[in-house]
Amino acid sequence: MTIKVFDLSCEHDHLFEGWFASAQAFEDQQARGLVRCPVCQSMRITRRVSAPHLNVSHLREQVPAQGQQTLPQGRAAVAAPSVSQLSRMQAEVLRQMRRILQQSDDVGVRFADEARRMHEGEIAERPIRGTATAEECKELVEEGISIMPIPEFLDDDRLQ
């Protein structure tokens, strides 16, 4: 069975994913009031433009942890949380990501310089966020500095 992953948004611009058997299944569930925002429970949901999802997990070699059983070729461990469990998990992930961002220092365009100074031990390590060019991001990664993009909908400071 093929699963369609849609980027969805509520009237309050909370962005989240929804997994459906088809576009028709999404529309049917939405019409029945079954699609809700995991953050605010709004039922006023719209589909957003989203990038295609490519399932390439079968290309990675699975290495079992010590004491774990190896799965047969072509099999993957799966879980089926209920809709309410999935909604609560998604909402909690969004809350935690926003909390982490709120507890970081916004260093703006100095992001690359601050990340380097921390990496080199010139200043104390702390959580930071800011902006960087694609070239700066590439250089940071090449230098072994871990960075990650912040989706705009999670950065409350950018939305103001």
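The values are calculated or read from the model by the stated rules, or taken from the named source; none is laboratory data. Remember, it's a predicted structure, so these values are computed and weren't measured experimentally. Please note: Cβ atoms are built from the backbone with ideal geometry, for glycine as well, and neighbour counts cover all protein chains shown.
Side notes on the structure shown:
- Of all residues making up segment 4-25, the number that are in a loop (DSSP other than H, G, I, E, B) and small (Gly, Ala, Ser): 2
- Qualifying residue in segment 118-131 (condition: under 22 Å from the mean Cα position of the chain (by Cα), modelled with pLDDT under 85, under 30 Å from LEU8 (Cα atoms) and not assigned by TED's automatic domain parsing to the domain that holds GLU11): no
- The lone criterion from (1) under 30 Å from GLY144 (Cα atoms); (2) free of Cβ contacts under 8 Å to residues at least 40 places away in the same chain; (3) of a type in the set (A, V, I, L, M) left unmet by ALA79 is number (1).
- Scanning segment 113-145 for residues that are aliphatic (A, V, I, L, M) and touching a strand residue (DSSP E or B) at 6+ places or on another chain (Cβ under 8 Å) returns ALA115, MET118, ILE128.
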